[in-house]
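So the structure is just underneath, and the comments pick up after that.
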Amino acid sequence: MLKTQIISLSAREILDSRGNPTLEACAVVRRGAEEYAACASVPSGASTGEHEAHELRDGGERYGGKGVLRAVESVNGEISAALTGLDPTDQSRIDTVLRCLDGTANLSRLGANAVLGASLACARAAAMAHGLPLYRFLGGAAANRLPLPMMNILNGGVHAANLLDIQEFMIIPDGSGSFQDALRMGTEVYHALKRVLSARSLSTSVGDEGGFAPMVRTANEACALIVEAIGLAGYNAAPGSVTLALDAAASEWVSPEGGYVMPKSGKSMTARQLITYWKGLVSRFPIVSIEDGVGENDWESWTQLTASLGKQIMLVGDDLFVTDPARVMRGIELGAANAVLIKPNQIGTLSDVFEAVRAARRGGYRVIMSHRSGETEDNILADLAVAAGADFIKSGAPARAERTAKYNRLLAIENELQ
Ligand code: 2PG
Ligand code: MG
């Protein structure tokens, strides 16, 4: 067997889709006499969960404090020194070394952005050295299934300067087993929605994830517009055709005085009223999934929400779980949520990502691989979704190259698998 070894790691500062600096890491590995180099970049969220791993930013004047030169230095210095000579195919060893080197629980010393960049770049270079696509290298022979797209076509919350409290209005097109068909259906609905909005003289400019950000006030109006677009595109707003999914991002609504205050409408609700509100919406529209319907620390309300709607729809924990296997296991014990959103930069290493996926599976929870609102043109998320056997992928609207990069990579993977 040819020996594979990490030769070096390096990083640099690049820009994400929201115009903020982010980190790209590159790994060089040697296998036999050949050298291989691969890079991966790290995304960044606008609505971050309180329990996420620490994204290291420089502070100061440069880029309004958002520079990542300290994280870049972590990779070029300590991380490169610690990983050089290791076997890049031994992901769990690499990630353990990274965690021990950092020494903090939330990766705040070296930066979770530095650690994740290194973890991903090593995996990519190792796959390349073995002549395998990343999804196959990480997922093995079982990595044969494409996720369904959850496409965010109407934006609100902190992702758009409109009046909608709910952050994401998504559609899930069911392409009857074909990713290509699902993507086409979703894209047709996206274009139909543009016509529906234009006909009402509503804005068709887009938010951070490529979805439209019209000046509508209520979730009812937003859902009705989407249902109309589904019909206009020639589909049924129903399971088996095109359904709706929401990301409330309700951790942003938690009031310091207790209960919830919707940030834009200013409406106050108790947790119980909020759960009743979700039940009402679900009864009026073909909504099959609600993400972060209550706050990230409100385990009790999560359990109540799951008890009342969990048999009917998916209840997805994003800020609740932050891709942390321990929090996922706690959720399973308490009966909180029934699906887990997986965002690699919430936890910081690839090994932890797969551990969170395994924990979710053991509890019978669904798995959704997800982008961040700040993304780059890197398409690694698509390979991770297939490697993890994710049921769904969230990569925004079929617009803006940083969103379509992931969908286009999935099209290529589907082709390869056929
Ligand atoms: C979310 C994400 C991605 P952000 O809340 O699910 O859609 O947004 O990256 O801003 O956390
Ligand atoms: Mg979310």
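The values are calculated or read from the model by the stated rules, or taken from the named source; none is laboratory data. Fair warning: this is a prediction, and the values are worked out from it, not measured in the lab. We place every Cβ from the backbone using ideal geometry, glycine too, and count neighbours over all the protein chains shown. Heads up: the accessible areas ignore ligands, DNA and RNA and are worked out on the full protein's heavy atoms, side chains in. Shrake-Rupley method; radii C 1.70, N 1.55, O 1.52, S 1.80 Å.
Might you let me know whether the stretch 370-379 holds any residue that is assigned to a helix (DSSP H, G or I), of a type in the set (Lys, Arg), in contact with a strand residue (DSSP E or B) (Cβ under 8 Å, 6 or more places away or on another chain) and crowded, with 20+ Cβ neighbours inside 10 Å? Within the stretch 370-379 (the criterion being assigned to a helix (DSSP H, G or I), of a type in the set (Lys, Arg), in contact with a strand residue (DSSP E or B) (Cβ under 8 Å, 6 or more places away or on another chain) and crowded, with 20+ Cβ neighbours inside 10 Å), the answer is no, since none of the residues qualifies.
Out of all the residues in the stretch 198-205, is one or more in contact (Cβ under 8 Å) with a residue 60 or more places away in the chain and within 23 Å of the chain's Cα centre (by Cα)? Lay out the reasoning, then the answer.
Residues of the stretch 198-205 that are in contact (Cβ under 8 Å) with a residue 60 or more places away in the chain, as a first pass: none.
No, because not a single residue in the stretch 198-205 is in contact (Cβ under 8 Å) with a residue 60 or more places away in the chain and within 23 Å of the chain's Cα centre (by Cα).
Scanning the stretch 1-22 for residues that are in contact (Cβ under 8 Å) with a residue 24 or more places away in the chain and assigned to a loop (DSSP other than H, G, I, E, B) gives 2, 3, 16, 17, 18, 20. Does the stretch 216-251 hold any residues that are within 16 Å of ligand 2 (Cβ to nearest atom) and in a strand (DSSP E or B), and which are they? Within the stretch 216-251, 244, 245, 246, 247 qualify. Checking each residue in the stretch 237-294 for being closer than 21 Å to residue 340 by Cβ and touching a Gly at 6+ places or on another chain (Cβ under 6 Å) picks out 248, 249, 250, 251, 254, 278. Answer yes or no: is there a residue in the stretch 297-304 that is in contact with a strand residue (DSSP E or B) (Cβ under 6 Å, 6 or more places away or on another chain) and either more than 16 Å from ligand 1 (Cβ to nearest atom) or part of a loop (DSSP other than H, G, I, E, B) (or both). Looking for residues that are in contact with a strand residue (DSSP E or B) (Cβ under 6 Å, 6 or more places away or on another chain) and either more than 16 Å from ligand 1 (Cβ to nearest atom) or part of a loop (DSSP other than H, G, I, E, B) (or both), one finds none in the stretch 297-304, hence no.
Results for (1) farther than 24 Å from residue 266 by Cβ; (2) aliphatic (A, V, I, L, M); (3) open to solvent by less than 10 Å² (accessible area, probe 1.4 Å); (4) within 16 Å of ligand 1 (Cβ to nearest atom), shown as yes or no for each residue.
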| site | (1), (2), (3), (4) |
| --- | --- |
| 165 | no, no, no, yes |
| 178 | yes, no, no, no |
| 182 | yes, yes, yes, no |
| 189 | yes, yes, yes, no |
| 196 | yes, yes, yes, no |
| 201 | yes, no, no, no |
| 204 | yes, no, no, no |
| 213 | no, yes, no, yes |
| 221 | no, no, no, no |
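Of the numbered criteria (1) outside any loop (DSSP other than H, G, I, E, B); (2) touching a residue at least 60 places away in the same chain (Cβ under 8 Å); (3) open to solvent by less than 10 Å² (accessible area, probe 1.4 Å); (4) aliphatic (A, V, I, L, M), the one residue 341 fails is (2).
Just the residues that are aliphatic (A, V, I, L, M) and part of a helix (DSSP H, G or I), please, taken from the stretch 159-199. Residues satisfying the conditions are 182, 183, 185, 189, 192, 193, 196, 197, 199. Examine the stretch 246-258 for a residue that is over 21 Å from the mean Cα position of the chain (by Cα), more than 27 Å from residue 193 (Cβ to Cβ) and within 16 Å of ligand 1 (Cβ to nearest atom), and state whether such a residue exists. Scanning the stretch 246-258, I find at least one residue that is over 21 Å from the mean Cα position of the chain (by Cα), more than 27 Å from residue 193 (Cβ to Cβ) and within 16 Å of ligand 1 (Cβ to nearest atom), so the answer is yes. Within the stretch 53-79, the set of residues being under 22 Å from the mean Cα position of the chain (by Cα) and open to solvent by 80 Å² or more (accessible area, probe 1.4 Å) comprises 66 only.
Of the residues 93, 124, 99, 145, the single one that is among the charged types (D, E, K, R), open to solvent by 10 Å² or more (accessible area, probe 1.4 Å), at pLDDT 95 or above and touching a strand residue (DSSP E or B) at 6+ places or on another chain (Cβ under 7 Å) is 124. Looking for something open to solvent by 10 Å² or more (accessible area, probe 1.4 Å), over 16 Å from the mean Cα position of the chain (by Cα) and among the charged types (D, E, K, R) - is there at least one such residue anywhere in the stretch 386-396? For the stretch 386-396, residues open to solvent by 10 Å² or more (accessible area, probe 1.4 Å), over 16 Å from the mean Cα position of the chain (by Cα) and among the charged types (D, E, K, R): absent.
More than 20 Å from residue 153 (Cα to Cα), under 16 Å from the mean Cα position of the chain (by Cα) and either assigned to a loop (DSSP other than H, G, I, E, B) or at pLDDT below 95 (or both), is that true of residue 383?
Details: more than 20 Å from residue 153 (Cα to Cα): yes; under 16 Å from the mean Cα position of the chain (by Cα): yes; either assigned to a loop (DSSP other than H, G, I, E, B) or at pLDDT below 95 (or both): no.
Answer is no for this residue.
Checked against the criterion of being farther than 24 Å from residue 283 by Cα, out of contact with any helix residue (DSSP H, G or I) (no Cβ under 9 Å at 6 or more places or on another chain) and in contact (Cβ under 8 Å) with a residue 24 or more places away in the chain, the candidates 161, 222, 213 yield just one match: 161.
In summary, residue 388 fulfils each of the numbered conditions (1) within 20 Å of residue 295 (Cα to Cα); (2) touching a helix residue (DSSP H, G or I) at 6+ places or on another chain (Cβ under 8 Å); (3) touching a residue at least 40 places away in the same chain (Cβ under 8 Å) with the single exception of condition (1).
Selection of the stretch 1-26 for residues being touching a helix residue (DSSP H, G or I) at 6+ places or on another chain (Cβ under 8 Å), open to solvent by less than 60 Å² (accessible area, probe 1.4 Å) and under 26 Å from residue 403 (Cβ atoms) yields 11, 13, 16, 17, 20, 21, 22, 23, 24, 25, 26.
When the residues of the stretch 161-172 are narrowed to those that are away from ligand 2 (no atom under 14 Å from the Cβ) and under 18 Å from the mean Cα position of the chain (by Cα), which ends up nearest to residue 205 (Cα to Cα)? This residue is 171.
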